Ligand SMILES: Nc1ncnc2c1ncn2[C@@H]1O[C@H](COP(=O)(O)OP(=O)(O)OP(=O)(O)O)[C@@H](O)[C@H]1O
Ligand SMILES: [Mg+2]
C-alpha cells in the first residue's frame, strides 16, 4: 500500500475513533443500537480483523463489502462471538449489552443471529422440525404460522427434509430459522451465494420485508450491487480494516471505489 494511502487510512481511523469517543461521551446522545469499536481478531497466529469500528442505528440494513479474503466473514464471526477468530481487543455493544464479554451462546441469547454461508440446515429433520428446534428455548421470535406467511415455499415444503430443499429454499429456511428466535441483529453471510438470479430476487424481497419489520441487519455479499440495492449504508473492508463507511448510493456512484475494492 502507498504512503499516501497509509496516511489516509490512519487519518480515517483517527476520525472514526474520535467520532466513536464523541458519540459515547457526549451528554444526551444515546449510544448506537449496535456498535463495535477497535476489534482485533486472530485465527491462531494469523492476525485478521485489524481494528474494525462502526456503528449501526436500529432498523438499519448495512452491506459489508470487500474482496475475497478481506475479512468479512471473520468480522461477522467476531460479532457473533464464535470461538474463531478469537477477539483479543475491542468492544462490541448491542442494545446496551456488552457482547465482547460473552461467548457465542450468550450472544445468541442476547439477540445476535448469524446465518452462515453454508446455511447449516440440520440433517434428518423436516423444514418444520428445523423451525421448531429453533424455538425449543426462549426467547421466541416469529411464530411458525407467521414464518409460513412470509415464506410460502417453506409452508409448501413443511414436511420435506430440510437438506433436500434447493439451495435457495435452504437459504430461506436458514433465514426463517433466525427469525423464529427473538433477534436484534441479523448477520447474513453471502445469502445469494450460488443462487440463480430469479432466486436472488426472491431472497432479496424477503430481506426487504425483514427490513420493513425493522430488524437491524448486516449483509455480506459478493454480489455487491444486489446488496447495495437493499442496504441503507455500506461498509467496505480491506485487509481487515474498514476503508469506507457511507451510503449505498455513494458506493454505487463512486467508480474508483467500486473498482478498487469491489471489482465492479
Ligand atoms: N479458520 C481460519 N484459519 C486461518 N485463517 C483463516 C481462517 N478463516 C479465514 N482465514 C483467513 O482470514 C482472512 C479473511 O477471511 P474471511 O473468510 O474473513 O474473508 P471474506 O472477506 O469473508 O472472504 P470471502 O469473500 O472469500 O468469503 C483470509 O486471509 C483467510 O485466509
Ligand atoms: Mg466470507
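Centroid-to-centroid, using Cα positions, the range 230-264 and the range 137-211 are 27 Å apart. Using the Cβ-Cβ distance between residue 145 and residue 103 with R0 set to 35 Å, the FRET efficiency works out to roughly 0.60. Among 154, 65, the order by Cβ neighbours within 10 angstrom, fewest to most, reads 154, 65.
As a rough footprinting exposure proxy, the listed residues 148, 105 were ranked by other beta carbons within 10 Å of their own, and the order from fewest upward is 105, 148. In this rough spin-label picture, where each label sits 7 Å from Cα along the Cβ direction, the residue 86-residue 254 distance is 3.5 nm. Legend: ranking of residues 35, 143 from fewest to most surrounding C-beta atoms inside 10 Å; resulting order 143, 35.
Measuring from a point 7 Å past the Cα of residue 247 along Cα-to-C-beta, which residues in the range 44-74 have an amide N at less than 20 Å? Once the point is set 7 Å along Cα→Cβ of residue 247, 55-65 turn out to lie under 20 Å by backbone N, inside the range 44-74.
If the chain between residue 159 and residue 133 were fully stretched, how many nm would it gain, using 0.36 nm times the residue separation less the Cα-Cα distance? Numbers along the way, then the final one.
Numbers: separation 26, 0.36 × 26 = 9.36 nm, distance 1.43 nm.
Computed gain between residue 159 and residue 133 is 7.9 nm.
R0 = 25 Å: FRET efficiency of residue 208 with residue 46, Cβ-based, nearest 0.05? Before the final figure, lay out each step's value.
Values: r = 36 Å, r/R0 = 1.45.
Taking R0 as 25 Å, the efficiency between residue 208 and residue 46 is 0.10.
Just so you know, all these numbers are worked out from the coordinates, no wet-lab data involved. Since we're looking at a predicted model, the values are computed, not measured. Here the Cβ is made from the backbone with ideal geometry for all residues, glycine too, and neighbour counts use every protein chain on show.
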